Each structure stands twice: as C-alpha cells, then as structure tokens.
Amino acid sequence: MKKKTFGAIFRHGFLLAIVIYTLIPIFFTLGTSLKLFRDIISGSLLFKPTLINYERLLNPSQSNFLRLTSNSLLIAAGTMAVVLVIASLAAYSLSRFNWHPLWNGLIQGIILFIHMMPPVTFLSPLYLISRALNIYDTPIAVIMGHIILTLPTAIWILLDFFAEIPKEIEEASIVDGASHFQSLTQVMLPIIQPGLASAGALTFIFSWRDFLFALSLTTTPRGMTIPVGISSFVQEYSIRYGEMAAGSFFAMIPALLMVAFAQRYIIKGMTMGALKE
Amino acid sequence: MYQSTDFSLNSKPPGWKARCSSFIDRTFKIWTILPLLFVLIFLVAYPTVQLLRMSVSEVKIVQGKTVWTFVGLKHLYTALEDQIVPVALRNTIVFVIAVVILETILALVIAVLVSRSHHLVGLYRTVFLIPLLIPPVAIGTMWRLMYDYNYGFINQVLALIGIPGPTWTADKNLALPSIILVDLWHWTSFMFLIILAGLESLPQEINEAARVDGASETQVFRFITLPLLKPTLVTAVMLRTIFAFKVFDEIYLLTGGGPGTATEMISLYIYKVFSNQFRMGYASFLALALAIIISVFVIFYRRIGRRLA
C-alpha cells in the first residue's frame, strides 16, 4: 500500500513537472507581451499589465501586422476550402468506386511521398511556377504551397471516415433515384461532417503555422503571412522584446482556440494520419 | 385525350440537359478524382520533373525570363568540395538521432504515466496538444525570449540561485543542445499522442490477468505492454525521423545556423543557397540529395521495422 502511494506521488509529480515545462514558455511570452520595457528589464513578477505592445503591433500606421493577419486568414481559409473540396471528392472516389488496385496504389503512394518529402524540395520548382504564372508574392502562390503541405492528411482523414459508412446507405439513395452527385452532397457529406471538421481544422492550422513556403514565395506585405512578419521583426529589432512577445502570442491564438474548442477533431486527425501505414 | 401531350413528352428523347447529367453520373468516378489528379500533376509531378532538370542545370532569371543552362554533374562536384555540406549533414544526423531517441523515451514514459491517471487523461492530452499546433515561428520567438542572456526566463531563474547563465544559443557548444531542447518541447507531444492512442487500443484483460497471476507493474510493462506496443513505436519512430529531417523554422529563428556553423542543418543550408545566394540549380541538387537520403532511410527502416514488429 505504501509503495502504491509513493508511485502515485512520483507519477503526479513527474507529470506536473512536464506540464509546467510545457506551459512556462507560453506564460512567460504572454507575461512579456503585457509588460512595459522597464518591467521586462527589471524582471519582476509584479507589474502593471499594459496592452501597449499589442496596440503598437496592430496600429496600421506603425506596423503592417494587420495586413499580414488578413493575408494569413485569407491563405488559411483559401487552402482549407480548396483542400476540402479536392480531398472529399477524391476520398469519395477512392473509397466508393472500384478503382484498379494499381491506380489506387499509385495515388496513395504519391500522397505518402508528398507527406514524407521535406518542403524545401518544392521550393525552387514552386518559385519558378509562381514566377511563370505571375502570382509570385501573392496569397495565391502561398496557397499553392500549402495545398501540397496539407492535402495528404486531409485525404487520409476523409478516407477513414468514408470507409466507416456502410455501402447500403449510398446504394439505398441511388435506388431511390438520386444521382451520385446528389448522394454525395445530400447523404454522404452530412454523415462525415465530423471528418470534414477534423480535416478542415487541421488544414487551417497547418496553413496558419507554415513559415517556409510563405517565406520563399513572398517578399512584400502583399503576400506575406504573420510568421514571416514575426521573423523579419525579430531579426530587425532583436531588442523589442515586448512586441516580439505580443506578435508571437497573437500568432498562437488560433491554435489555442482550437485546443480549447475543437481538440477532439484534431487529436483524432493527428494520430490517424500517423497510424495509417 | 387530355393526356396526349404528356405522352408525346415522354416518348421524346431526353433533352441535352438530362443526357449531360446522366453522362456525368455514369462517369462520376472520373470526375471526382480529376481535381486530385490535376493537383498531383501540376503541384507534384511537374515540380519533381523540374527539380530533376534543375539539379543538372544552372537556372537564372534574366529580365523576367528563365534561362536554363545544362551543366551535367557540376553541382555534384560543387557539393563534394563544399565545406558546409559535411558539417550540415553531421549536425542534421546528430540532431535527428538525439531528438528521436530522447522524444521516444520521454513520450513513452509520459504516455504510460498518463494512461494510469484515469480522469486526468483528457487534461494532460489538452496541455500536450498545445506545442503541436502553435506556429513554429512563435515557438522560436518564445525560446529566444526564454534563452535571452540578460532578460530571459532561464537566466533569471539561474541568477536567483546565484549561477551566472550562459549565452545558450550564442554559445558554440550549447547551441545544438539548446535547439534540441526546443525540439523536445515542440515534438515530444507528437510521439506522446501516438503512443497514448496505441496504449488505449491495447486489450486491458491481459494486464489484469497477469496482475492476478502476481506479476509486478514493471513486469507487466516489460513483458506485455511493450511487446504489444512495438508496432506503434516502430511506425512512430519512422514518422518522427522523417519529420525531424524537415527541421527549419525554429533554427532559422533561434540561431540561423550559427554561431559559425554549429547548428547548420541541411534544410536550412538549402534554403540559404536558394534564397541568399540565389543558386537555384545547386539548391535543387542538394534538395534532391536530401530527398534520396530520406527515401533510402524509409526503405531500409521499413525492412528492419517489419522484422522488429
């Protein structure tokens, strides 16, 4: 009995330490973002919170952060829309029709290949394509890169959800005179709504998080996203801690909202993609 | 008599609209895969061909036009003489091996402990999900603040107990370990979530039976849980290794590969060649080499993994 309580104390203590380790950088950043410069330097825990760093960051006359936010939102939402349409059609097709195993294997193989390749491999080709199409330095170029980044996970999640629907449900709707399109949009998609939510949430957040594609396919605030803005800010003013902290905390907000409100969709999607093999 | 019009309507051949929609319906299998095929050709196959072409060419943009010059294996010779390539390769391999081993062990311990915490499982999962969703650039910035020599959290805490803190990411010997510590913060959760899902899918009856037969907790873990968990671990380690090769954002923000070349990584170096030196051909060659390294790893690992699992 005594051994058991010791084990429990060790377990709770160890996990508590890990939780603190996980949360400290976030709280330290939040704290720094709410401090005046003199409070940052004094390092005291007692300070009067101020929103001045956020005000400076979001003031259009002092920084282009608002512009970058709207770019980031546009790119994440655009990627999400395109990827959801492509992925749900493809997952429907691959799971409901009799594709030759060779075709099926080839498509799945390519999707796995994209997922494995480091994004840097796509940099130069995508750069040339965006130059040739005259979309370099626009949100569309970044969306192009983010489709590559997010499509595999979205397809895997939706394939799994489609596979769970019994074949009879769709057959019944076809017998009742519905076309495949009607059966897809009015019967199947409503059933896999949790899957769409999961794939959509992950696509949005992966696009929002991305740095490399946005960095190499844009040069001006026309197409830049928040991560690119933060990185150039950090490099330019490595001493303006308050605004640095405010910027990075601002960039975390969608992630924190998703953890709070949509985590069951996200966890399933993340582990599912991994256990797909 | 009053229904004659209906009759004639029915006997008419179907209009073009109806025929069209019936055609679409019959070939719906093709229509639904077309958007994906378009993306795969335009954003994957075509770029791959371009990458192969670029890796044997010199590519320049002159007045908005792309000029290609075939140079054969020149980039291979450049890479063999490049002083930074072996350093970047060595750093990447050290980094990958260190983070994969440390994160697997740490995640395994955390997952086993969490799985025994009953009603707290959800809470732990929530907290550990956060690092995975935050933008890596924000992670880099946060840790810049944490590691800051004067005002960073770590050195302030060290100062409280009277230890003068080091410069962390600016110190040639501490830079790589500092980066690894940030990566542990970021990615241990990934391994944790997968291993926890694996643990939860294991049948509980066997453990109970073993305990009834007098097995200790350590024995249950060593002889029952671990063997059953092996397939999950093998897959998780492979995925984590592949992702570890992609490391870029945090290092770009924290050290930029420095001090000197202490934290230079392949993907970071490829980006620098591409963006700062603007040598697209050489960057493509290095990118191709990295892709081949990863593919070879995956092929070998799967062969070994199958035997292990």
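The values are calculated or read from the model by the stated rules, or taken from the named source; none is laboratory data. These numbers were taken from a predicted model, which means no experiment stands behind them. Here the Cβ positions follow ideal geometry from the backbone for every residue, glycine too, while neighbour counts run over all protein chains shown.
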> Failed condition for A:Ile75, given (1) touching a Gly at 6+ places or on another chain (Cβ under 7 Å); (2) within 19 Å of A:Ser207 (Cβ to Cβ); (3) part of a helix (DSSP H, G or I), with all others met?
Replying inline: (1)
> Taking only pairs six or more apart or across chains, which ones have beta-carbon atoms under 6 Å, a first residue in the range B:137-148 that is under 12 Å from B:Tyr252 (Cα atoms) and at the interface with chain A (Cβ under 7 Å from one of its Cβ atoms), and a second residue that is surrounded by fewer than 24 Cβ atoms within 10 Å (Cβ to Cβ) and of a type in the set (Val, Ile, Thr)?
Replying inline: B:Thr141/A:Val234
> Scanning the range A:223-245 for residues that are part of a loop (DSSP other than H, G, I, E, B) and small (Gly, Ala, Ser), which turns out nearest to the other protein chains (Cβ to nearest Cβ)?
Replying inline: A:Ser238
> From A:Tyr127, A:Tyr92, which residue is of a type in the set (Phe, Trp, Tyr), under 21 Å from B:Ile24 (Cα atoms), surrounded by 16 or more Cβ atoms within 10 Å (Cβ to Cβ) and at pLDDT 90 or above?
Replying inline: A:Tyr92
>> Tally up the residues in the range A:102-131 that are free of Cβ contacts under 8 Å to residues at least 24 places away in the same chain and either part of a helix (DSSP H, G or I) or touching an Asp or Glu at 6+ places or on another chain (Cβ under 6 Å) (or both), please.
In response: 17
>> Only one of B:Arg90, B:Arg19 is at pLDDT below 85, surrounded by 11 or more Cβ atoms within 10 Å (Cβ to Cβ) and away from chain A (no Cβ under 12 Å). Can you tell me which?
In response: B:Arg19
> Take the residues of the range B:23-58 that are touching a Phe, Trp or Tyr at 6+ places or on another chain (Cβ under 6 Å) and at the interface with chain A (Cβ under 8 Å from one of its Cβ atoms): which is surrounded by the fewest Cβ atoms within 10 Å (Cβ to Cβ)?
Replying inline: B:Lys29
> Which of the residues that make up the range A:163-184 are buried (at least 20 other Cβ atoms within 10 Å of the Cβ) and among the hydrophobic types (A, V, I, L, M, F, W, C)?
Replying inline: A:Leu184
> So which of A:Leu112, A:Leu133 ends up being under 14 Å from B:Gln50 (Cβ atoms), out of contact with any strand residue (DSSP E or B) (no Cβ under 6 Å at 6 or more places or on another chain) and surrounded by fewer than 24 Cβ atoms within 10 Å (Cβ to Cβ)?
Replying inline: A:Leu133
> Is it the case that the range A:207-220 has a residue that's among the aromatic types (Phe, Trp, Tyr), buried (at least 17 other Cβ atoms within 10 Å of the Cβ), in contact with a Gly (Cβ under 8 Å, 6 or more places away or on another chain) and in a helix (DSSP H, G or I)?
Replying inline: yes
>> Looking only at the range B:257-267, how many residues end up being surrounded by fewer than 23 Cβ atoms within 10 Å (Cβ to Cβ) and either touching a Leu at 6+ places or on another chain (Cβ under 8 Å) or part of a helix (DSSP H, G or I) (or both)?
In response: 2
> Is it the case that some residue within the range A:29-44 is surrounded by fewer than 20 Cβ atoms within 10 Å (Cβ to Cβ), in contact with an Asp or Glu (Cβ under 8 Å, 6 or more places away or on another chain) and at the interface with another protein chain (Cβ under 8 Å from one of its Cβ atoms)?
Replying inline: no
> Does any residue of the range A:178-192 turn out to be among the small types (Gly, Ala, Ser) and modelled with pLDDT of 90 or more?
Replying inline: no
>> Considering only residues that are small (Gly, Ala, Ser), touching a helix residue (DSSP H, G or I) at 6+ places or on another chain (Cβ under 6 Å) and more than 7 Å from chain B (Cβ to nearest Cβ), which ones fall in the range A:104-151?
In response: A:Ser130, A:Ala141, A:Gly145
> From the list B:Arg302, B:Arg306, which one is of a type in the set (Lys, Arg), under 28 Å from B:Val109 (Cβ atoms), surrounded by fewer than 20 Cβ atoms within 10 Å (Cβ to Cβ) and in contact (Cβ under 8 Å) with a residue 40 or more places away in the chain?
Replying inline: B:Arg302
>> Please pick out the residue among B:Val296, B:Val273, B:Val220 that is at pLDDT 90 or above, more than 11 Å from chain A (Cβ to nearest Cβ) and in a helix (DSSP H, G or I).
In response: B:Val296
